[in-house]
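Quick notes on the structure that follows.
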Amino acid sequence: MSTTTYERIVSVVGLGYVGLPVAVAFGKIRKTIGFDINSKRIEELKAGHDRTGEVEPGDLKLAQVLYTDQIHELSLANFHIVAVPTPVNDANQPDLTPVLRASETVGKALKAGDIVVYESTVYPGVTEEECVPILEAQSGLVCGRDFKVGYSPERINPGDKEHTFTKIKKVVSGQDRETCEIVAQVYESVVTAGVHRASSIKVAEAAKVIENTQRDLNIALMNELALIFDLMDIDTHDILEAAGTKWNFLRFTPGLVGGHCIGVDPYYLTHKAEKLGYIPQVILSGRRINNDMGKFIAQRCIKEMIHAGHMVAGSRVTVLGLTFKENCPDLRNSKVIDIIRHLQDYGIDVQVHDPLADSEEAQHEYGVTLTPSAALKPAQAVVLAVAHDAYRQMTPENILALMGDAPVLIDVKSLFKAEDFAHTSLRLWRL
């Protein structure tokens, strides 16, 4: 472990929304290896193109990163960062397959004196109990003697150009004090916001999952309030605007909770809790509320269409937005698909538009064909599901142009107000 911080050559395994910004940041100041099993992704990055939109072409050009899908090139590095996805399966159980396979890959390139740091979201204990045995088996080395491990949870917010990797305080940890200090110093060389040294790897792992669990529960409360106020025929957005005038009111809003973090991370915590014999109550209740919002929105759309005099079966509905959040092309775990599928169950012809989503990915992930703006047919209703800037810039006239007689607008993101359509026959419902 005698290699100094400044002699550390970094490798980043997994070049997605999390890994690429990390690799580029390190590549600007030191030799860096960027590894991904997707050869198409590697070729795109070599050509200076990032399909996620997280890194600007100019930054890609400035960074000295060796992009590769060859395991033997990982051996050039001695500080390995694993930043692969950790999703859940159809039963909402943690799927550790990507991080375990990444451990096999790193293990094959591991040398004495190396440090392996995991950024992937996991439940407490995964790094030391699940990943370390794989690293040892693949390398023939002994953890703690020949190599060390650490954990530094990712805090990337896809599509956010303000809170970027270098500007977010980094939690770091190591299996011992010496390793933690080296990990801290390596990250401090690029993270201008500084680092927080966690007392243990398990503490750092737990900190990650509760960050998003807290947000999930706060949004679940807003969603439950929206369900209640909808029964009272009161506009939830107006209520939150009024309540928000108090200095200590937390400004959360109702909505679809998808993506690869908030809609996933709580299941990693509850899985571990259940293995220990404790059945979480509040966390799982919040998850159920948030998971049912797509169905609720679809049902409200049906009700509004009926009130407007439309026959449901055979009607057409346009859904604006498919990605899991605004101004981001990420389709992973998007809950918009729940709205689409529930509408289709009623015999509705759903056409979907999204200016940022990749057509091939939408077809592959969800079997959804994206419709270009010019090809959209007049619809009986529009569901504005994602607040992309392109939709925020739409005028009431733009919305009305998408529909025919007795139009219905289901505004999930509350971008419009009733007075915007006071001169029309449009029925507006806001979550």
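Can you pull the one-decimal nm distance between simple spin-label points at residue 56 and residue 312, each 7 Å off the Cα toward Cβ?
Roughly 4.9 nm, to one decimal.
Quantify, in whole percent, the carbon and sulfur part of the accessible surface of segment 35-108 (1.4 Å probe; protein heavy atoms only).
48 percent
What shape does segment 338-401 take by its C-alpha gyration tensor, where a ≥ b ≥ c are the square roots of the eigenvalues and a/c under 1.5 counts as rounded, a/b above b/c as prolate, and the rest as oblate?
Oblate, since a/c reaches 1.5 and b/c is not below a/b.
Working out 0.36 nm times the residue gap between residue 162 and residue 97, then minus their Cα-Cα distance, what length gain in nm do you get to one decimal?
20.2 nm
Taking the mean number of other Cβ atoms within 10 Å as a proxy for protection, how do you rank 282-291, 127-136 from highest to lowest? Intermediate values should be presented prior to the final figure.
Values: 282-291: 17.4, 127-136: 19.1.
Per-residue Cβ counts within 10 Å, averaged per peptide and sorted highest first, yield 127-136, 282-291.
Two-decimal Rg/Rh of the chain from alpha-carbon positions, Kirkwood Rh?
Radius of gyration over Kirkwood radius for the chain works out to 1.02.
Give the residue list of trypsin sites (Lys or Arg not before Pro) in segment 64-155 that are DSSP loop and have at most 16 other beta-carbon atoms within 10 angstrom.
Listed in order of number, the matching sites are 111, 145.
If you roll a 1.4 Å probe over segment 331-431 with all protein chains in place, what percent of the accessible area is carbon or sulfur?
C and S atoms contribute 46 percent here.
Report the gain in length on full extension from residue 181 to residue 46: 0.36 nm times residue separation, minus Cα-Cα distance, nm rounded to one decimal.
Using 0.36 nm per residue and subtracting the Cα-Cα distance, I get 45.3 nm.
Report Rg/Rh for segment 147-283, rounded to two decimals, where Rg is the Cα radius of gyration and Rh the Kirkwood radius.
1.07
Given the C-alpha centroids of segment 129-190 and segment 401-416, what is the distance between them in whole angstrom?
Taking the Cα centre of each part, segment 129-190 and segment 401-416 sit 47 Å apart.
Using only Cα atoms, what is the ratio of the radius of gyration of segment 63-211 to 2.2 N^0.38 Å?
1.01
Only sites in a loop by DSSP and with at most 12 other Cβ atoms within 10 Å count here; which GluC sites (Glu not before Pro) in segment 44-123 make the cut? Write down the numbers at each step before the final one.
Working: sites: 44, 54, 73, 104, 119; in loops: 54, 119.
In loop regions of segment 44-123 (DSSP not H, G, I, E or B), there are no sparsely surrounded GluC sites (Glu not before Pro).
Obtain the nm distance between the two label points defined at residue 344 and residue 303 by a simple spin-label model: each point lies 7 Å from its Cα along the Cα-to-C-beta direction.
Label at residue 344, label at residue 303, 2.5 nm between them.
Antiparallel versus total DSSP beta bridges in the chain: what percent is that, nearest 5?
Around 5 percent antiparallel, to the nearest 5.
Comparing 34, 294, 48, which has the greatest mean-square fluctuation in the GNM of the chain with Cα pairs linked when under 10 Å apart?
Taking springs between Cα atoms under 10 Å, the residue moving most is 48.
Using a 1.4 angstrom probe, figure out how much accessible area the chain has per residue, in square angstrom, rounded to the nearest whole.
On a per-residue basis, the chain sits at 45 Å².
Please give the length that would be gained between residue 218 and residue 282 if that part of the chain were fully extended, namely 0.36 nm times their separation in residues minus their C-alpha to C-alpha distance (nm, one decimal).
Between residue 218 and residue 282, full extension yields 21.9 nm more.
Find how many whole Å separate the alpha carbon centroid of segment 198-217 from the alpha carbon centroid of segment 30-82.
28 Å
Starting from the eigenvalues of the Cα gyration tensor, five times each then square-rooted, give me the equivalent ellipsoid semi-axes of segment 291-359, largest first, whole Å.
23, 13, 9
The values are calculated or read from the model by the stated rules, or taken from the named source; none is laboratory data. Just so you know, these numbers come straight off a predicted model, no measurement behind them. Reconstructed Cβ throughout: ideal geometry from the backbone, glycine too, with neighbour counts over all protein chains shown. Quick note on the areas: whole protein, heavy atoms, side chains included, nothing else; ligands and nucleic acids left out. Shrake-Rupley method; radii C 1.70, N 1.55, O 1.52, S 1.80 Å.
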